[in-house]
Amino acid sequence: MSRYLYDSFIGGYAETKNKDMVEKLVDEMQSEGFEPREHTYTHILKLHYHLRDFKAMANIVDTMSQEGLEMNLDHYSLLMRMCFKTRRLRELFQIFDLLKFRATTNLPDERIYSIAIGACGAMKDTERALDLYKEMTTRPLHPLEPNQIIMNALIYACSTRREYHYQAWQYLLEARNRGYPMTQFTIELMLNICAVAGDVAYARLLLLQLYVEPSFRPCPHSFQCLFRAYSICLRRRSSLGANSALDTDLGMAVQKALIPVDNIFSHTDADLPPFLPVSRIANVDQLLAEAHAVMRYLQGSHPDLITDFVVNTYLSIASNNHQNREYRLWFAESTSPMIAPEISKVADCAYDTNVQGASLPHHVTVDSTSIDEDGIEMHTEPFDLRFGKPDPAFTVKVLRNRYIYQSALELAFRTKDFYFGKAVYAEREAWKKTKEYETLHPEERQKMDFKAVQFMVDIYARAHLLDKAWDLVWEHSELPWVFDKHLLRFHTLAKQSGRKDIIDNIVELTAGSRVNVDEEL
(Lines give C-alpha, C1' and ligand atoms only; values in the text may rest on other atoms or scores of the structure.)
Protein backbone atom coordinates (compact mmCIF):
# COMPACT_ATOMS: atom_id res chain seq x y z
CA MET A 1 0.00 0.00 0.00
CA SER A 2 1.33 3.46 -0.87
CA ARG A 3 2.03 6.36 1.52
CA TYR A 4 -0.94 8.17 0.01
CA LEU A 5 -3.32 5.30 0.84
CA TYR A 6 -1.93 4.95 4.36
CA ASP A 7 -2.46 8.67 4.96
CA SER A 8 -5.98 8.47 3.52
CA PHE A 9 -6.99 5.56 5.75
CA ILE A 10 -5.38 7.15 8.82
CA GLY A 11 -7.29 10.35 8.10
CA GLY A 12 -10.58 8.47 7.77
CA TYR A 13 -10.14 6.58 11.05
CA ALA A 14 -9.01 9.78 12.79
CA GLU A 15 -12.31 11.43 11.84
CA THR A 16 -14.22 8.52 13.42
CA LYS A 17 -12.07 8.68 16.60
CA ASN A 18 -10.82 5.13 16.06
CA LYS A 19 -7.55 5.36 17.95
CA ASP A 20 -6.73 1.64 17.74
CA MET A 21 -6.94 1.56 13.93
CA VAL A 22 -4.91 4.76 13.58
CA GLU A 23 -2.11 3.33 15.75
CA LYS A 24 -2.24 0.01 13.89
CA LEU A 25 -1.98 1.72 10.49
CA VAL A 26 0.90 3.94 11.65
CA ASP A 27 2.79 0.81 12.79
CA GLU A 28 2.10 -0.93 9.46
CA MET A 29 3.13 2.20 7.59
CA GLN A 30 6.48 2.30 9.39
CA SER A 31 7.04 -1.43 8.86
CA GLU A 32 6.58 -0.79 5.12
CA GLY A 33 9.35 1.82 5.28
CA PHE A 34 7.15 4.92 5.27
CA GLU A 35 7.94 7.24 8.17
CA PRO A 36 5.09 9.62 9.16
CA ARG A 37 5.41 13.04 7.53
CA GLU A 38 3.72 16.40 8.18
CA HIS A 39 0.49 15.30 6.50
CA THR A 40 0.36 12.09 8.56
CA TYR A 41 0.84 14.03 11.79
CA THR A 42 -1.99 16.35 10.80
CA HIS A 43 -4.35 13.35 10.89
CA ILE A 44 -2.89 12.09 14.18
CA LEU A 45 -3.29 15.52 15.78
CA LYS A 46 -6.86 15.62 14.50
CA LEU A 47 -7.54 12.25 16.16
CA HIS A 48 -6.37 13.50 19.55
CA TYR A 49 -8.26 16.75 19.04
CA HIS A 50 -11.49 14.77 18.60
CA LEU A 51 -10.58 12.74 21.71
CA ARG A 52 -9.86 15.97 23.68
CA ASP A 53 -6.41 14.60 24.58
CA PHE A 54 -4.26 17.71 24.94
CA LYS A 55 -1.31 15.82 26.43
CA ALA A 56 -1.16 13.44 23.45
CA MET A 57 -1.19 16.42 21.06
CA ALA A 58 1.71 17.99 22.96
CA ASN A 59 3.63 14.68 22.68
CA ILE A 60 3.07 14.65 18.90
CA VAL A 61 4.50 18.17 18.65
CA ASP A 62 7.60 17.02 20.58
CA THR A 63 7.96 14.01 18.25
CA MET A 64 7.78 16.25 15.17
CA SER A 65 10.43 18.52 16.63
CA GLN A 66 12.75 15.57 17.35
CA GLU A 67 12.29 14.32 13.80
CA GLY A 68 13.08 17.76 12.36
CA LEU A 69 9.62 18.26 10.87
CA GLU A 70 8.30 21.81 10.63
CA MET A 71 4.80 22.48 11.88
CA ASN A 72 2.40 24.09 9.43
CA LEU A 73 -0.77 26.12 9.89
CA ASP A 74 -2.93 22.98 10.01
CA HIS A 75 -1.00 21.81 13.04
CA TYR A 76 -1.09 25.19 14.76
CA SER A 77 -4.82 25.64 14.16
CA LEU A 78 -5.58 22.19 15.65
CA LEU A 79 -3.48 22.97 18.73
CA MET A 80 -5.17 26.34 19.18
CA ARG A 81 -8.63 24.84 18.71
CA MET A 82 -7.83 22.26 21.37
CA CYS A 83 -6.66 25.02 23.72
CA PHE A 84 -9.91 26.88 23.06
CA LYS A 85 -12.03 23.77 23.60
CA THR A 86 -10.30 22.96 26.90
CA ARG A 87 -10.11 26.62 27.97
CA ARG A 88 -6.31 26.71 27.98
CA LEU A 89 -6.47 30.26 26.73
CA ARG A 90 -3.06 31.32 28.05
CA GLU A 91 -1.42 28.50 26.10
CA LEU A 92 -3.52 29.39 23.06
CA PHE A 93 -2.07 32.89 22.92
CA GLN A 94 1.44 31.59 23.56
CA ILE A 95 1.06 29.48 20.41
CA PHE A 96 -0.44 32.40 18.52
CA ASP A 97 2.37 34.79 19.51
CA LEU A 98 5.01 32.18 18.68
CA LEU A 99 3.52 31.76 15.23
CA LYS A 100 3.08 35.48 14.66
CA PHE A 101 6.50 36.69 15.77
CA ARG A 102 8.74 33.78 14.78
CA ALA A 103 7.19 32.40 11.62
CA THR A 104 8.82 33.36 8.36
CA THR A 105 6.66 31.60 5.81
CA ASN A 106 3.66 30.44 7.87
CA LEU A 107 2.11 33.76 8.80
CA PRO A 108 -1.21 33.40 10.69
CA ASP A 109 -4.10 32.95 8.26
CA GLU A 110 -7.84 33.51 8.64
CA ARG A 111 -8.26 30.26 10.61
CA ILE A 112 -5.66 31.29 13.17
CA TYR A 113 -7.07 34.79 13.61
CA SER A 114 -10.65 33.53 13.94
CA ILE A 115 -9.59 31.21 16.80
CA ALA A 116 -7.61 33.98 18.53
CA ILE A 117 -10.47 36.50 18.21
CA GLY A 118 -12.94 33.89 19.49
CA ALA A 119 -10.66 33.25 22.47
CA CYS A 120 -10.70 36.98 23.21
CA GLY A 121 -14.48 36.73 23.32
CA ALA A 122 -14.29 33.83 25.79
CA MET A 123 -12.02 35.99 27.98
CA LYS A 124 -14.30 39.03 27.50
CA ASP A 125 -11.23 40.88 26.23
CA THR A 126 -13.04 42.74 23.47
CA GLU A 127 -10.32 45.36 23.12
CA ARG A 128 -7.77 42.71 22.19
CA ALA A 129 -10.20 41.18 19.69
CA LEU A 130 -10.62 44.56 17.98
CA ASP A 131 -6.85 45.04 17.93
CA LEU A 132 -6.35 41.63 16.29
CA TYR A 133 -9.00 42.43 13.69
CA LYS A 134 -7.26 45.69 12.85
CA GLU A 135 -3.87 43.97 12.82
CA MET A 136 -4.89 41.23 10.36
CA THR A 137 -6.55 43.64 7.92
CA THR A 138 -3.76 46.24 7.94
CA ARG A 139 -0.56 44.23 8.38
CA PRO A 140 2.05 45.29 5.80
CA LEU A 141 2.75 41.78 4.53
CA HIS A 142 -0.22 39.92 3.04
CA PRO A 143 -3.13 41.69 4.82
CA LEU A 144 -6.17 39.46 5.20
CA GLU A 145 -9.79 40.02 4.20
CA PRO A 146 -12.19 38.92 6.96
CA ASN A 147 -14.32 35.91 6.09
CA GLN A 148 -17.65 35.00 7.65
CA ILE A 149 -16.05 32.94 10.43
CA ILE A 150 -13.87 35.88 11.48
CA MET A 151 -16.84 38.27 11.38
CA ASN A 152 -18.83 35.91 13.60
CA ALA A 153 -15.89 35.62 16.02
CA LEU A 154 -15.63 39.40 16.15
CA ILE A 155 -19.38 39.80 16.73
CA TYR A 156 -19.17 37.20 19.51
CA ALA A 157 -16.28 39.08 21.17
CA CYS A 158 -18.29 42.31 21.06
CA SER A 159 -21.44 40.58 22.35
CA THR A 160 -19.81 39.62 25.66
CA ARG A 161 -19.50 43.24 26.81
CA ARG A 162 -22.48 45.59 26.95
CA GLU A 163 -20.40 48.65 26.06
CA TYR A 164 -19.50 47.03 22.72
CA HIS A 165 -22.99 45.95 21.67
CA TYR A 166 -23.32 48.87 19.26
CA GLN A 167 -20.14 47.75 17.49
CA ALA A 168 -21.49 44.20 17.37
CA TRP A 169 -24.52 45.42 15.43
CA GLN A 170 -22.17 47.40 13.16
CA TYR A 171 -20.14 44.31 12.35
CA LEU A 172 -23.34 42.36 11.69
CA LEU A 173 -24.30 44.95 9.12
CA GLU A 174 -20.77 44.95 7.67
CA ALA A 175 -20.90 41.15 7.28
CA ARG A 176 -24.19 41.47 5.41
CA ASN A 177 -22.79 44.23 3.20
CA ARG A 178 -19.86 41.95 2.33
CA GLY A 179 -22.39 39.50 0.97
CA TYR A 180 -22.16 36.87 3.68
CA PRO A 181 -25.46 34.98 4.03
CA MET A 182 -27.34 35.04 7.31
CA THR A 183 -26.92 31.79 9.21
CA GLN A 184 -28.56 30.41 12.32
CA PHE A 185 -25.26 30.99 14.11
CA THR A 186 -25.54 34.69 13.24
CA ILE A 187 -29.04 34.85 14.71
CA GLU A 188 -27.90 33.01 17.85
CA LEU A 189 -25.14 35.60 18.27
CA MET A 190 -27.68 38.39 17.93
CA LEU A 191 -29.95 36.65 20.44
CA ASN A 192 -27.04 36.51 22.86
CA ILE A 193 -26.58 40.26 22.53
CA CYS A 194 -30.30 40.78 23.21
CA ALA A 195 -30.09 38.50 26.26
CA VAL A 196 -27.20 40.41 27.83
CA ALA A 197 -28.87 43.76 27.08
CA GLY A 198 -32.38 42.69 28.15
CA ASP A 199 -33.66 43.68 24.70
CA VAL A 200 -36.93 41.74 24.61
CA ALA A 201 -38.29 43.49 21.52
CA TYR A 202 -35.39 42.42 19.29
CA ALA A 203 -35.09 38.97 20.91
CA ARG A 204 -38.71 38.17 20.05
CA LEU A 205 -38.18 39.31 16.48
CA LEU A 206 -35.03 37.23 16.05
CA LEU A 207 -36.59 34.12 17.54
CA LEU A 208 -39.51 34.36 15.14
CA GLN A 209 -37.03 34.60 12.27
CA LEU A 210 -35.83 31.10 13.18
CA TYR A 211 -39.33 29.88 12.34
CA VAL A 212 -39.85 31.91 9.18
CA GLU A 213 -36.62 30.73 7.51
CA PRO A 214 -37.14 27.04 6.51
CA SER A 215 -33.47 26.09 6.93
CA PHE A 216 -33.31 27.32 10.54
CA ARG A 217 -34.48 25.54 13.66
CA PRO A 218 -34.73 26.92 17.22
CA CYS A 219 -32.53 25.23 19.79
CA PRO A 220 -32.43 25.34 23.62
CA HIS A 221 -29.96 28.24 23.45
CA SER A 222 -32.53 30.29 21.48
CA PHE A 223 -35.10 30.09 24.26
CA GLN A 224 -32.51 30.45 27.00
CA CYS A 225 -31.54 33.80 25.43
CA LEU A 226 -35.20 34.84 25.22
CA PHE A 227 -35.83 34.00 28.88
CA ARG A 228 -32.66 35.78 29.93
CA ALA A 229 -33.78 38.86 27.99
CA TYR A 230 -37.11 38.74 29.86
CA SER A 231 -35.28 38.45 33.19
CA ILE A 232 -32.87 41.33 32.63
CA CYS A 233 -35.56 43.51 31.08
CA LEU A 234 -37.76 42.98 34.13
CA ARG A 235 -34.87 43.83 36.43
CA ARG A 236 -34.42 47.10 34.54
CA ARG A 237 -38.07 48.13 34.56
CA SER A 238 -37.28 51.23 32.49
CA SER A 239 -36.46 49.03 29.47
CA LEU A 240 -40.00 47.69 29.17
CA GLY A 241 -41.38 48.85 25.85
CA ALA A 242 -38.34 51.02 25.17
CA ASN A 243 -34.56 51.13 24.82
CA SER A 244 -34.46 48.47 22.14
CA ALA A 245 -31.86 48.26 19.41
CA LEU A 246 -34.86 48.54 17.10
CA ASP A 247 -35.17 52.18 18.14
CA THR A 248 -31.79 53.17 16.65
CA ASP A 249 -31.01 53.92 13.01
CA LEU A 250 -28.41 51.16 13.09
CA GLY A 251 -30.90 48.68 14.57
CA MET A 252 -33.44 49.48 11.89
CA ALA A 253 -30.77 49.06 9.20
CA VAL A 254 -29.80 45.66 10.62
CA GLN A 255 -33.46 44.63 10.76
CA LYS A 256 -33.98 45.65 7.15
CA ALA A 257 -30.82 43.86 5.97
CA LEU A 258 -31.18 40.66 7.96
CA ILE A 259 -34.85 40.26 8.77
CA PRO A 260 -36.83 41.49 5.75
CA VAL A 261 -40.13 40.05 7.00
CA ASP A 262 -42.98 42.52 7.35
CA ASN A 263 -45.62 42.04 10.05
CA ILE A 264 -43.76 39.06 11.45
CA PHE A 265 -45.91 39.09 14.60
CA SER A 266 -48.94 38.39 12.39
CA HIS A 267 -47.35 35.35 10.75
CA THR A 268 -49.86 32.51 10.48
CA ASP A 269 -47.54 29.56 11.12
CA ALA A 270 -49.33 27.54 13.80
CA ASP A 271 -46.03 26.42 15.32
CA LEU A 272 -44.89 29.92 16.25
CA PRO A 273 -44.34 30.75 19.94
CA PRO A 274 -47.44 32.42 21.44
CA PHE A 275 -46.07 35.92 21.63
CA LEU A 276 -48.50 38.69 22.38
CA PRO A 277 -49.68 40.29 19.11
CA VAL A 278 -47.70 43.47 19.79
CA SER A 279 -44.17 44.45 18.83
CA ARG A 280 -43.43 45.77 22.34
CA ILE A 281 -44.33 44.42 25.78
CA ALA A 282 -45.76 47.29 27.78
CA ASN A 283 -45.72 46.14 31.43
CA VAL A 284 -44.62 43.52 33.93
CA ASP A 285 -47.88 41.55 33.81
CA GLN A 286 -47.62 41.17 30.04
CA LEU A 287 -44.01 40.02 30.30
CA LEU A 288 -44.73 37.40 32.97
CA ALA A 289 -47.78 36.14 31.10
CA GLU A 290 -45.87 35.82 27.83
CA ALA A 291 -42.92 34.03 29.49
CA HIS A 292 -45.31 31.48 31.02
CA ALA A 293 -47.11 31.04 27.69
CA VAL A 294 -43.79 30.40 25.89
CA MET A 295 -42.82 27.71 28.41
CA ARG A 296 -46.27 26.14 28.05
CA TYR A 297 -45.73 26.14 24.27
CA LEU A 298 -42.40 24.33 24.71
CA GLN A 299 -44.10 21.79 26.97
CA GLY A 300 -46.71 21.02 24.35
CA SER A 301 -44.84 21.39 21.04
CA HIS A 302 -41.09 21.13 21.69
CA PRO A 303 -40.36 19.21 24.91
CA ASP A 304 -36.97 18.30 23.39
CA LEU A 305 -35.92 21.94 23.83
CA ILE A 306 -36.55 21.93 27.59
CA THR A 307 -33.19 21.54 29.33
CA ASP A 308 -31.85 22.30 32.79
CA PHE A 309 -30.36 25.55 31.50
CA VAL A 310 -33.61 26.64 29.86
CA VAL A 311 -35.64 26.01 33.04
CA ASN A 312 -32.97 27.64 35.25
CA THR A 313 -33.18 30.78 33.12
CA TYR A 314 -36.98 30.64 32.97
CA LEU A 315 -37.19 30.55 36.78
CA SER A 316 -34.71 33.44 37.02
CA ILE A 317 -37.33 35.72 35.42
CA ALA A 318 -39.33 35.47 38.64
CA SER A 319 -36.55 34.86 41.18
CA ASN A 320 -34.26 37.71 40.09
CA ASN A 321 -37.18 40.09 40.25
CA HIS A 322 -38.69 38.84 43.52
CA GLN A 323 -41.96 37.70 41.94
CA ASN A 324 -42.92 35.22 44.66
CA ARG A 325 -46.31 34.13 43.34
CA GLU A 326 -45.05 33.46 39.81
CA TYR A 327 -41.89 31.74 41.02
CA ARG A 328 -43.77 29.37 43.31
CA LEU A 329 -46.19 28.38 40.55
CA TRP A 330 -43.47 27.99 37.88
CA PHE A 331 -41.25 26.08 40.31
CA ALA A 332 -44.07 23.58 40.98
CA GLU A 333 -44.96 23.25 37.29
CA SER A 334 -41.47 22.88 35.84
CA THR A 335 -39.35 21.04 38.41
CA SER A 336 -39.41 17.94 40.57
CA PRO A 337 -37.16 16.66 43.37
CA MET A 338 -34.24 14.47 42.36
CA ILE A 339 -35.10 12.04 45.15
CA ALA A 340 -38.73 10.98 45.50
CA PRO A 341 -40.26 12.28 48.80
CA GLU A 342 -41.22 8.76 49.88
CA ILE A 343 -37.54 7.78 49.67
CA SER A 344 -35.93 10.94 51.05
CA LYS A 345 -38.62 11.32 53.76
CA VAL A 346 -38.60 15.04 52.91
CA ALA A 347 -41.76 16.66 51.58
CA ASP A 348 -41.69 18.16 48.07
CA CYS A 349 -40.75 21.75 48.82
CA ALA A 350 -42.67 23.08 45.81
CA TYR A 351 -46.04 22.66 47.50
CA ASP A 352 -45.28 24.11 50.91
CA THR A 353 -48.14 26.52 51.63
CA ASN A 354 -47.08 28.02 54.95
CA VAL A 355 -45.79 31.48 54.15
CA GLN A 356 -44.57 34.03 56.65
CA GLY A 357 -45.89 37.57 56.25
CA ALA A 358 -49.02 39.31 54.98
CA SER A 359 -51.62 37.23 53.18
CA LEU A 360 -51.82 37.48 49.43
CA PRO A 361 -54.92 39.29 48.06
CA HIS A 362 -57.13 36.22 47.62
CA HIS A 363 -60.71 36.16 48.80
CA VAL A 364 -60.88 33.66 51.68
CA THR A 365 -64.02 33.14 53.71
CA VAL A 366 -62.35 31.41 56.66
CA ASP A 367 -59.42 32.27 58.90
CA SER A 368 -56.39 31.20 56.86
CA THR A 369 -53.65 31.91 59.37
CA SER A 370 -52.31 30.22 62.48
CA ILE A 371 -49.30 30.47 64.77
CA ASP A 372 -46.55 27.85 64.66
CA GLU A 373 -44.48 26.56 67.58
CA ASP A 374 -41.95 29.36 67.10
CA GLY A 375 -44.63 32.04 67.31
CA ILE A 376 -44.55 32.79 63.56
CA GLU A 377 -47.79 33.48 61.75
CA MET A 378 -48.29 31.02 58.93
CA HIS A 379 -50.86 30.86 56.16
CA THR A 380 -52.61 27.56 55.65
CA GLU A 381 -54.61 28.16 52.49
CA PRO A 382 -54.29 25.48 49.76
CA PHE A 383 -51.50 25.93 47.23
CA ASP A 384 -53.95 26.55 44.37
CA LEU A 385 -55.54 29.42 46.30
CA ARG A 386 -52.28 31.12 47.20
CA PHE A 387 -50.29 30.73 44.01
CA GLY A 388 -52.63 29.46 41.30
CA LYS A 389 -53.38 26.00 39.99
CA PRO A 390 -50.43 24.31 38.26
CA ASP A 391 -51.11 23.87 34.56
CA PRO A 392 -51.70 20.16 33.72
CA ALA A 393 -50.05 20.79 30.33
CA PHE A 394 -46.68 20.99 32.11
CA THR A 395 -45.77 17.32 31.89
CA VAL A 396 -42.01 17.73 31.33
CA LYS A 397 -40.23 18.52 34.58
CA VAL A 398 -36.50 18.88 35.09
CA LEU A 399 -34.89 17.47 38.21
CA ARG A 400 -33.91 20.18 40.65
CA ASN A 401 -30.22 20.94 40.54
CA ARG A 402 -27.82 23.09 42.52
CA TYR A 403 -28.73 26.23 40.56
CA ILE A 404 -32.47 25.76 41.05
CA TYR A 405 -32.04 25.21 44.80
CA GLN A 406 -29.87 28.30 44.97
CA SER A 407 -32.40 30.49 43.15
CA ALA A 408 -35.23 29.11 45.34
CA LEU A 409 -33.35 29.91 48.54
CA GLU A 410 -32.52 33.40 47.31
CA LEU A 411 -36.15 33.98 46.35
CA ALA A 412 -37.29 32.80 49.80
CA PHE A 413 -34.83 35.18 51.44
CA ARG A 414 -35.73 38.17 49.26
CA THR A 415 -39.48 37.70 49.72
CA LYS A 416 -39.29 36.69 53.40
CA ASP A 417 -40.91 33.35 52.55
CA PHE A 418 -39.66 31.54 55.64
CA TYR A 419 -41.50 28.26 55.25
CA PHE A 420 -40.59 27.85 51.58
CA GLY A 421 -36.94 28.56 52.37
CA LYS A 422 -36.99 26.04 55.20
CA ALA A 423 -38.57 23.39 52.93
CA VAL A 424 -36.11 24.07 50.09
CA TYR A 425 -33.14 23.82 52.46
CA ALA A 426 -34.39 20.48 53.85
CA GLU A 427 -34.85 19.08 50.35
CA ARG A 428 -31.43 20.36 49.34
CA GLU A 429 -29.89 18.52 52.28
CA ALA A 430 -31.50 15.31 50.96
CA TRP A 431 -30.19 16.14 47.45
CA LYS A 432 -26.65 16.16 48.85
CA LYS A 433 -26.87 12.35 48.98
CA THR A 434 -27.25 12.06 45.20
CA LYS A 435 -24.59 11.17 42.63
CA GLU A 436 -24.90 14.62 41.05
CA TYR A 437 -23.76 16.21 44.29
CA GLU A 438 -21.04 13.65 44.95
CA THR A 439 -19.51 14.13 41.50
CA LEU A 440 -19.12 17.90 41.96
CA HIS A 441 -15.60 19.18 42.50
CA PRO A 442 -14.98 19.60 46.28
CA GLU A 443 -14.37 23.35 45.88
CA GLU A 444 -17.61 23.73 43.93
CA ARG A 445 -19.51 21.75 46.58
CA GLN A 446 -18.16 23.91 49.40
CA LYS A 447 -18.91 27.12 47.50
CA MET A 448 -22.53 26.14 46.77
CA ASP A 449 -23.10 24.71 50.27
CA PHE A 450 -21.70 27.83 51.90
CA LYS A 451 -24.04 30.04 49.88
CA ALA A 452 -27.04 27.86 50.79
CA VAL A 453 -26.16 28.02 54.50
CA GLN A 454 -25.80 31.81 54.27
CA PHE A 455 -29.27 32.15 52.76
CA MET A 456 -30.78 29.90 55.44
CA VAL A 457 -29.06 31.78 58.26
CA ASP A 458 -30.47 35.06 56.93
CA ILE A 459 -33.91 33.47 56.44
CA TYR A 460 -33.92 32.35 60.09
CA ALA A 461 -32.64 35.74 61.24
CA ARG A 462 -35.31 37.64 59.30
CA ALA A 463 -37.94 35.43 60.93
CA HIS A 464 -36.41 36.46 64.30
CA LEU A 465 -35.38 32.87 65.00
CA LEU A 466 -31.95 34.04 66.07
CA ASP A 467 -31.06 30.94 68.08
CA LYS A 468 -31.73 28.69 65.10
CA ALA A 469 -29.70 31.02 62.89
CA TRP A 470 -26.75 30.82 65.27
CA ASP A 471 -27.09 27.03 65.63
CA LEU A 472 -26.77 26.73 61.85
CA VAL A 473 -23.71 28.99 61.80
CA TRP A 474 -22.08 26.99 64.58
CA GLU A 475 -22.95 23.70 62.90
CA HIS A 476 -20.94 24.94 59.91
CA SER A 477 -18.25 26.82 61.84
CA GLU A 478 -15.57 25.22 59.66
CA LEU A 479 -16.70 27.38 56.74
CA PRO A 480 -14.71 30.58 56.03
CA TRP A 481 -17.11 33.04 57.66
CA VAL A 482 -16.23 36.71 57.16
CA PHE A 483 -18.11 39.23 59.28
CA ASP A 484 -18.65 41.95 56.67
CA LYS A 485 -19.54 39.55 53.83
CA HIS A 486 -21.61 36.86 55.54
CA LEU A 487 -22.88 37.76 59.01
CA LEU A 488 -23.39 41.53 59.10
CA ARG A 489 -27.17 41.27 58.52
CA PHE A 490 -27.53 38.58 61.19
CA HIS A 491 -25.44 40.65 63.59
CA THR A 492 -27.58 43.74 62.98
CA LEU A 493 -30.82 41.85 63.68
CA ALA A 494 -29.29 40.34 66.85
CA LYS A 495 -28.26 43.81 67.97
CA GLN A 496 -31.76 45.17 67.35
CA SER A 497 -33.15 42.33 69.50
CA GLY A 498 -30.67 42.95 72.30
CA ARG A 499 -29.09 39.50 71.96
CA LYS A 500 -25.64 40.22 73.36
CA ASP A 501 -24.88 36.49 73.66
CA ILE A 502 -25.29 35.98 69.92
CA ILE A 503 -23.40 39.20 69.16
CA ASP A 504 -20.46 37.95 71.24
CA ASN A 505 -20.57 34.56 69.50
CA ILE A 506 -20.49 36.16 66.05
CA VAL A 507 -17.64 38.50 67.00
CA GLU A 508 -15.64 35.61 68.46
CA LEU A 509 -16.20 33.37 65.42
CA THR A 510 -15.10 36.07 62.97
CA ALA A 511 -12.42 37.71 65.10
CA GLY A 512 -9.74 37.07 62.54
CA SER A 513 -11.76 38.26 59.54
CA ARG A 514 -13.42 41.50 60.59
CA VAL A 515 -12.26 44.56 58.67
CA ASN A 516 -12.69 48.09 60.00
CA VAL A 517 -15.55 47.05 62.29
CA ASP A 518 -16.42 49.29 65.23
CA GLU A 519 -15.41 47.61 68.51
CA GLU A 520 -18.91 48.22 69.88
CA LEU A 521 -20.23 45.66 67.37
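How big is the dipole moment of the chain about its Cα centre under a simple scheme where the beta carbon of each Lys and Arg is +1, that of each Asp and Glu is -1, and everything else is neutral? Debye, nearest 20, please.
780 debye
So how much slack lies between Lys134 and Ser215, counting 0.36 nm per residue of separation and subtracting their Cα-Cα distance, in nm?
25.8 nm
For the chain, what is Rg from Cα atoms divided by 2.2 N^0.38 Å, rounded to two decimals?
1.20
Under the rule of -39500 (n - 2.57) per DSSP H run of 4 or more residues, summed and divided by the residues of the chain, what mean residue ellipticity at 222 nm is obtained, to the nearest 500 deg cm²/dmol?
-18500 deg cm²/dmol
What does the charge add up to near Met151, with Lys and Arg as +1, Asp and Glu as -1, over the other residues with Cβ less than 12 Å from its Cβ?
Spelling it out: positives minus negatives among the neighbours equals -1.
Rolling a 1.4 Å sphere over the protein heavy atoms, what is the accessible area per residue of region 410-503, to the nearest Å²?
That works out to 49 Å² for each residue.
If you stretched the chain out fully between Leu479 and Ala122, how much longer would it get, using 0.36 nm times the residue separation minus the C-alpha to C-alpha distance?
125.3 nm
Going Cα to Cα from Lys100, which lysines come in below 19 Å? Please leave out same-chain ones fewer than 8 positions away.
Leaving aside lysines fewer than 8 places away in the same chain, those within reach of Lys100 are Lys134.
Can you tally the net charge around Asp391? Count Lys and Arg as +1, Asp and Glu as -1, for every other residue whose Cβ sits under 14 Å from the Cβ of Asp391.
Taking every other residue near Asp391 into account, the sum is +1.
Express in % the proportion of alpha carbon pairs of region 140-232 at distances exceeding 24 Å.
Of all Cα-Cα distances in region 140-232, 20 percent exceed 24 Å.
How far apart, in nm, are the 7 Å Cα→Cβ label points at Leu272 and Ala289?
It is 1.8 nm.
Would you please classify the overall shape of region 15-74 from the alpha carbon gyration tensor, given that a ≥ b ≥ c denote the square roots of the eigenvalues, rounded means a/c under 1.5, and beyond that prolate means a/b larger than b/c while oblate covers the rest?
oblate
Could you work out the local net charge near Val310, counting Lys and Arg as +1, Asp and Glu as -1, over the other residues with Cβ closer than 15 Å to its Cβ?
Net local charge, Val310 excluded: 0.
What is the percent carbon and sulfur in the accessible area of the chain, measuring with a 1.4 Å probe over the protein chains and ignoring ligands?
Carbon and sulfur together cover 51 percent of it.
Report, to the nearest 10°, how far helix 19-31 tilts away from the longest principal axis of the Cα atoms in the chain, using its own Cα long axis and a range of 0 to 90°.
20 degrees
Report the Cα centroid-to-centroid distance between region 143-220 and region 303-334 in angstrom, as an integer.
26 Å
In whole percent, what relative contact order does the chain give with Cα contacts below 8 Å and a gap of six or more residues?
Once normalised by length, the contact order is 7 percent.
Under a plain spin-label model, where a point goes 7 Å from the Cα along Cα-to-Cβ, how far apart in nm are Asn72 and Asp53?
2.4 nm
If only Cα atoms are counted, what is the Rg of region 32-108, and what is its Dmax, in Å?
12.4, 41
Using only Cα positions of region 410-521, each an equal point scatterer, no hydration layer, compute I(q)/I(0) via Debye at q = 0.14, 0.19 Å⁻¹ and quote the log10 values to two decimals.
The calculated log intensity ratios at q = 0.14, 0.19 Å⁻¹ are -0.59, -1.01.
For the pairs Lys345/Lys451; Lys397/Lys433; Lys85/Lys432; Lys124/Lys468; Lys124/Lys451; Lys19/Lys124, flag any whose C-alpha to C-alpha distance is greater than 32 Å.
Correct reply: Lys124/Lys468; Lys19/Lys124.
Normalising by the residue count of region 163-217, find the relative contact order in percent from Cα pairs under 8 Å and 6+ residues apart.
Result for region 163-217 is 29 percent.
What distance in nm separates the two pseudo spin-label positions at Val507 and Phe309, each 7 Å out from Cα along the beta-carbon direction?
4.9 nm
Looking at the square roots a ≥ b ≥ c of the eigenvalues of the Cα gyration tensor of region 266-335, which shape do they give, rounded for a/c under 1.5, prolate if a/b is larger than b/c, or oblate?
Note, shape of region 266-335 comes out oblate.
Below 8 Å, C-alpha to C-alpha, sequence gap of six or more: please give me the relative contact order for region 25-146 in percent.
RCO, region 25-146: 16 percent.
May I ask you to derive the FRET efficiency for Ala282 and Lys435 from their Cβ-Cβ distance with R0 = 41 Å, giving the value to the nearest 0.05?
The formula returns an efficiency of 0.35 here.
Helix 73-85 versus the longest principal axis of the chain: what is the Cα-based angle in degrees, 0 to 90, to the nearest 10?
10 degrees
Mind jotting down the distance between the C-alpha centroids of region 15-51 and region 414-483, whole Å?
52 Å
Using a 1.4 Å probe and ignoring any ligands, DNA or RNA, find the accessible area of Asp391 and quote it in Å² to the nearest 10.
We get 30 Å² for Asp391.
What FRET efficiency comes out for the pair Thr492/Lys17, r = Cβ-Cβ distance, R0 = 41 Å, nearest 0.05?
Efficiency computed from Cβ-Cβ geometry: 0.10.
How would Asp249, Asp131, Asp484 rank on accessible area, largest to smallest, probe 1.4 Å?
Asp249, Asp131, Asp484
Indicate the gyration tensor shape class of region 441-485 (rounded, prolate or oblate), computed on the Cα atoms with a ≥ b ≥ c the square roots of the eigenvalues: a/c under 1.5 is rounded; otherwise a/b larger than b/c is prolate and the rest oblate.
Since a/c reaches 1.5 and a/b is larger than b/c, the shape of region 441-485 is classed as prolate.
How far is helix 402-414 tilted off the main Cα axis of the chain, in degrees rounded to 10, range 0 to 90?
Taking Cα atoms only, the helix is inclined about 40 degrees.
The values are calculated or read from the model by the stated rules, or taken from the named source; none is laboratory data. Only a predicted model underlies this, so the values are computations on that prediction, with no experimental measurement involved. Note that each Cβ is placed from the backbone with ideal geometry, even for glycine, and that neighbours are counted across all protein chains shown. All accessible areas refer to the heavy atoms of the entire protein, side chains included, with ligands and DNA or RNA removed. Shrake-Rupley method; radii C 1.70, N 1.55, O 1.52, S 1.80 Å.
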